[in-house]
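Participant: There's a structure below that I have some questions on.
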Amino acid sequence: MVAPNAIGKKAYWKALAEGKSGIKRIARFDVSSYPTQIAGEIQNFDPTKYLSPRDARRMSLASRFAVFAAKMAIIDAKLGYEKEIELGAIIGVSSSASDIIEANHGAFIEKGISRLNPFGVTAILPSASANNIAAILGCKGTVLTISNACAAGTDAIGYAFRNIALGMDNIIITGGVESQLHPFGFAMLSVLGIMSKRNNDPEGASRPFDSSRDGGILSEGAGIIILENMEHALSRKAHIYAEVIGYASRSDGPDSVKPTANESGLKRSISLALGDANILPEEIDYISAHGPSDEFDKIETMAIKEVFGQQAYKIPVSSIKSMIGNPLSAAGPLQLIASMMIFEKGIVPPTINHKMPDVDCDLDYVPNKARKMNNINTILIDSHGFGGINSSLVVRRFKP
């Protein structure tokens with residue numbers, strides 16, 4: 001993973017367990033005129049650790065994140081990807097490479113066609129991250145891009161799960177990637193008025209489920225996992241972190257622009273994912289919430305209560321967006337990776353900055369401090385995207 005508060009599995013987990021925020025004042029460009037001046041920006045990122053300088057120059061920042069994270073995942077999975085294994089790649093993105101688009105458009109306006117990057121056309125394709133992973137890692141299986149806003153990474157994992165269940169692939173590199181922290185793209189989101197303006201308190205700005213929340217925090221990064229057919233993984237003695245057992249996606253329909261608590265598609269996606277996993281609601285031990293630190297926090301809380309009833313008050317629910325902001329398509333995969341580490345470490349990451357209870361958000365949000373819990377066996381992961389897409393994954397501790 002490449003996250004605002006850490007890069008790499010060990011550092012990422014340590015940051016989450018310690019409640020470390022990765023939200024800072026934006027350093028990449030001048031934000032003095034922006035109403036929101038803070039974000040989950042990836043800083044001190046050196047792509048050449050896993051990428052040649054030539055390849056890195058041809059890619060957008062999002063693609064660099066994606067290939068970097070994919071190579072880390074391949075190494076962690078101990079896969080000999082060069083020859084003997086046919087890999088797939090299913091990646092979630094929310095939009096095209098705004099850094100390449102903005103740079104080339106500026107050069108064109110100023111200097112004309114002679115200043116355009118000849119690799120720009122392929123670099124700005126929404127499928128660029130999946131294509132770059134496929135090219136560099138030699139993927140010859142299914143290569144697919146899912147674009148479903150903030151739910152895209154979760155949907156990519158869900159589609160990979162189904163592809164493997166159908167026997168189309170044995171191993172798929174899957175997850176999500178995002179980098180929209182560039183002048184024009186960030187400005188477009190700023191005018192929506194949905195982001196926090198706590199510019200003087202970056203680390204305290206993302207406050208999921210807190211009554212003083214004033215908006216979400218845009219961030220960037222990548223979360224990549226290796227999803228593999230169980231028999232194949234066992235045959236090569238792979239280290240299995242968790243088992244994906246259920247997935248579903250549902251739209252808010254007519255309420256997609258501004259969903260309401262009563263009509264949210266999240267309630268239906270949770271119920272269908274539980275059904276797909278063939279488990280009862282009371283079997284869920286922890287919920288990794290979408291929790292973006294805006295009005296959706298209330299909608300998500302209501303959806304959880306409607307599905308789980310009184311059991312909802314007994315299930316720990318936390319949002320890692322309090323620490324990493326909202327990396328859009330990378331959010332769900334980063335939640336999944338955090339959930340897999342819960343199985344490994346027996347610790348539930350907290351919802352930091354939870355100081356003022358909200359009467360409409362009254363569940364156990366694991367406030368401010370990580371919680372030791374060794375009895376977490378089944379986890380629900382929620383995602384919601386602009387346009388009204390709601391997706392849910394159910395994962396289970398692997399038991400040989």
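The values are calculated or read from the model by the stated rules, or taken from the named source; none is laboratory data. The shown structure was predicted, so the numbers you read here are calculated from the model rather than taken from an experiment. When we count neighbours, we look across all protein chains shown, and the Cβ atoms used for this are built from the backbone with ideal geometry, even at glycine. All accessible areas refer to the heavy atoms of the entire protein, side chains included, with ligands and DNA or RNA removed. Shrake-Rupley method; radii C 1.70, N 1.55, O 1.52, S 1.80 Å.
Participant: Just need a number here: residues in segment 55-74 that are closer than 25 Å to Gly167 by Cα, aliphatic (A, V, I, L, M) and either open to solvent by 10 Å² or more (accessible area, probe 1.4 Å) or in a loop (DSSP other than H, G, I, E, B) (or both).
Facilitator: 1
Participant: Still on this structure, I have one more. If only one of Gly167, Gly158 is buried (at least 21 other Cβ atoms within 10 Å of the Cβ) and either farther than 20 Å from Pro327 by Cβ or within 21 Å of the chain's Cα centre (by Cα) (or both), which one is it?
Facilitator: Values: Gly167 fails: buried (at least 21 other Cβ atoms within 10 Å of the Cβ).
When all the criteria are applied, what remains is Gly158.
Participant: Would you pick out the residues in segment 321-347 that are in contact with a Ser or Thr (Cβ under 7 Å, 6 or more places away or on another chain) and in a loop (DSSP other than H, G, I, E, B)?
Facilitator: The answer is Gly325, Pro327.
Participant: Scanning segment 376-388 for residues that are at pLDDT below 95 and assigned to a loop (DSSP other than H, G, I, E, B), which turns out most open to solvent (accessible area, probe 1.4 Å)?
Facilitator: Once the filter is applied, the top-ranked residue is Phe386.
Participant: Would you point out the residue of segment 36-61, among those that are out of contact with any helix residue (DSSP H, G or I) (no Cβ under 6 Å at 6 or more places or on another chain) and of a type in the set (Gly, Ala, Ser), that is modelled with the lowest pLDDT?
Facilitator: If we take residues in segment 36-61 being out of contact with any helix residue (DSSP H, G or I) (no Cβ under 6 Å at 6 or more places or on another chain) and of a type in the set (Gly, Ala, Ser), then Ser52 is modelled with the lowest pLDDT.
Condition check ((1) in contact with a Pro (Cβ under 8 Å, 6 or more places away or on another chain); (2) open to solvent by 70 Å² or more (accessible area, probe 1.4 Å); (3) in a strand (DSSP E or B); (4) among the hydroxyl-bearing types (Ser, Thr, Tyr)) across all residues:
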{"position": "Trp13", "(1), (2), (3), (4)": "no, no, no, no"}
{"position": "Gly19", "(1), (2), (3), (4)": "yes, no, no, no"}
{"position": "Arg28", "(1), (2), (3), (4)": "no, yes, no, no"}
{"position": "Tyr34", "(1), (2), (3), (4)": "no, no, no, yes"}
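Participant: So, one more: Return the residues of segment 247-261 that are at pLDDT below 75 and closer than 16 Å to Asp297 by Cβ; say none if nothing qualifies. It would help to see each step written out before you state the result.
Facilitator: So in segment 247-261, the residues at pLDDT below 75 come out as 254-261.
Within segment 247-261, Lys258, Pro259, Thr260, Ala261 qualify.
Participant: Quick one: which of Ala233, Ala160 is within 20 Å of Ala77 (Cα to Cα), out of contact with any Pro (no Cβ under 8 Å at 6 or more places or on another chain) and either free of Cβ contacts under 8 Å to residues at least 12 places away in the same chain or of a type in the set (Ser, Thr, Tyr) (or both)? Reasoning before the result, please.
Facilitator: Numbers: Ala160 fails: either free of Cβ contacts under 8 Å to residues at least 12 places away in the same chain or of a type in the set (Ser, Thr, Tyr) (or both).
Going through Ala233, Ala160 in turn, just one is within 20 Å of Ala77 (Cα to Cα), out of contact with any Pro (no Cβ under 8 Å at 6 or more places or on another chain) and either free of Cβ contacts under 8 Å to residues at least 12 places away in the same chain or of a type in the set (Ser, Thr, Tyr) (or both): Ala233.
Participant: A further question follows. Output the number of residues of segment 348-364 satisfying the condition of being closer than 20 Å to Leu393 by Cβ and either open to solvent by less than 10 Å² (accessible area, probe 1.4 Å) or assigned to a strand (DSSP E or B) (or both). Walk me through how you get there before you give the answer.
Facilitator: If we filter segment 348-364 for residues that are closer than 20 Å to Leu393 by Cβ, which is where we start, we get 348-349, 351, 363.
Filter once more, keeping what is either open to solvent by less than 10 Å² (accessible area, probe 1.4 Å) or assigned to a strand (DSSP E or B) (or both): 348-349, 351.
Qualifying residue count, segment 348-364: 3.
Participant: Could we say that Ala89 is within 18 Å of Ala330 (Cβ to Cβ) and either over 27 Å from the mean Cα position of the chain (by Cα) or crowded, with 21+ Cβ neighbours inside 10 Å (or both) here? Full working, then the answer.
Facilitator: Values: within 18 Å of Ala330 (Cβ to Cβ): yes; either over 27 Å from the mean Cα position of the chain (by Cα) or crowded, with 21+ Cβ neighbours inside 10 Å (or both): yes.
For Ala89, the condition - within 18 Å of Ala330 (Cβ to Cβ) and either over 27 Å from the mean Cα position of the chain (by Cα) or crowded, with 21+ Cβ neighbours inside 10 Å (or both) - is met.
Participant: Also: Return the residue satisfying two criteria in turn: it lies in segment 207-256 and is basic (Lys, Arg) and touching a Ser or Thr at 6+ places or on another chain (Cβ under 7 Å), and of such residues it is surrounded by the fewest Cβ atoms within 10 Å (Cβ to Cβ). Give the steps one after another, and end with the answer.
Facilitator: Step one: list which residues in segment 207-256 are basic (Lys, Arg), which gives 207, 213, 236-237, 250.
Checking the rest, the ones that are also touching a Ser or Thr at 6+ places or on another chain (Cβ under 7 Å) come to 207, 213, 250.
Details: Arg207: 29, Arg213: 25, Arg250: 20.
For segment 207-256, the residue satisfying everything is Arg250.
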